[in-house]
Every structure is written in C-alpha cells, then in structure tokens.
Amino acid sequence: MSPQLITIQRKKVIGMKSSMHHNEFGNIAALWKRFMPRQKEIGNRSNNELIALQIYDDFNAMENPFNIWACVEVSNINTVPDGMAPFTILEGDYAVFLHKGMNASKTYQQIMTEWLPTSGYEIDNRPHFQVMGAKYINGSPNSEEDFYVPIRLIKN
C-alpha cells in the first residue's frame, strides 16, 4: 500500500450534505440518491468527476456525527442551485490511495492500521474525500476511485 503524496490547491465544490454517524451507511446512499438527478443543475463544473466528502470535527472521536457531501468541483461558487451549498477544500497535503472495488471500509482500515502507523504522518484536521472519475462504476468489483486522506508530518 503505497500512496501518492501530493499537495492539493484549494478546491471549490457545490453539492448536498447530510450528517451521519459511522454506522449509518444508509445515509450515504440516500444522499447520493438525492444528488445524482440534480447534479446537472450545477453550472461551471471543472470536470466530470464526482466527489464524496467527509468533514469531521474530531477524526479520532468516532462516536461523534460528521458531515458527508455529494458534490462536484466547480470553477466558482457564484451560482448555487436551491437545496445545495458551496464548500471550499483548503490547500494541503494528502496521501492519495487507489481504491478498487466497492469495499471502502476495508481500504480505509488498511490505510489507518497498516500504512499510517509506519508512514511518519498523522491525520490532519481537514476533509477526507474520494474522487470518482471515469473508472468509477457504482456496484462493480472493477470500479476504481481515489481516496484523499489529509496528512501532516508527525512532529517529534
């Protein structure tokens, strides 16, 4: 498991959000079910990719609710469709992992228990997100997407 370590620039997104706890996976499907038919209403898209975004108040407090987003990247946030909201992902360092298949939980568990403890990095307090591009096929074992995990060097 060897990620690509990158620094992203600020990304503007528009989409829909919801709150959930870690065991409420149905909220994710419900959010995307609401968002997908309406994504065409978003003008000024930067690309055809979809972004799943998670914002934690405290990533280490797994019992706390967190916000999830179904969104797309845009060039500006001047026009936001009714029922949607803008968000800006700030610049920062990310470890980017290629995820194949549909078992996201297994991939995240490997990242947190295998890669992270020996990486020299820790989780930074910024959004986690997944980019679903041309190789993403919902429900397929052949699906591919990129997991962006916010990181910072561990200070001794």
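The values are calculated or read from the model by the stated rules, or taken from the named source; none is laboratory data. Nothing here was measured: the structure is a model prediction, and the numbers come from that model. No Cβ is skipped: glycine too gets one built from the backbone with ideal geometry, and neighbour counts run over all protein chains shown.
Laid out as a table, the results:
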read-out: Which numbered condition V149 fails, given (1) in contact with a Ser or Thr (Cβ under 6 Å, 6 or more places away or on another chain); (2) over 18 Å from F35 (Cβ atoms); (3) at pLDDT 95 or above; value: (1)
read-out: Selection count where residues are over 18 Å from Q54 (Cα atoms) and either among the basic types (K, R) or exposed (fewer than 13 other Cβ atoms within 10 Å of the Cβ) (or both), scope segment 99-120; value: 6
read-out: Qualifying position, being in a loop (DSSP other than H, G, I, E, B), in contact with a Pro (Cβ under 6 Å, 6 or more places away or on another chain) and either of a type outside the set (D, E) or free of Cβ contacts under 8 Å to residues at least 40 places away in the same chain (or both), among I14, I77; value: I77
read-out: Matching residues in segment 83-124 - criterion: being assigned to a helix (DSSP H, G or I) and acidic (D, E); value: E114
read-out: Failed item in (1) over 16 Å from the mean Cα position of the chain (by Cα); (2) buried (at least 16 other Cβ atoms within 10 Å of the Cβ); (3) within 26 Å of E122 (Cα to Cα), with E63 passing the rest; value: (2)
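Results for (1) among the aliphatic types (A, V, I, L, M); (2) surrounded by 13 or more Cβ atoms within 10 Å (Cβ to Cβ), shown as yes or no for each residue.
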site	(1), (2)
E122	no, yes
F129	no, yes
M132	yes, yes
N138	no, no
P141	no, no
Y148	no, yes
I154	yes, no
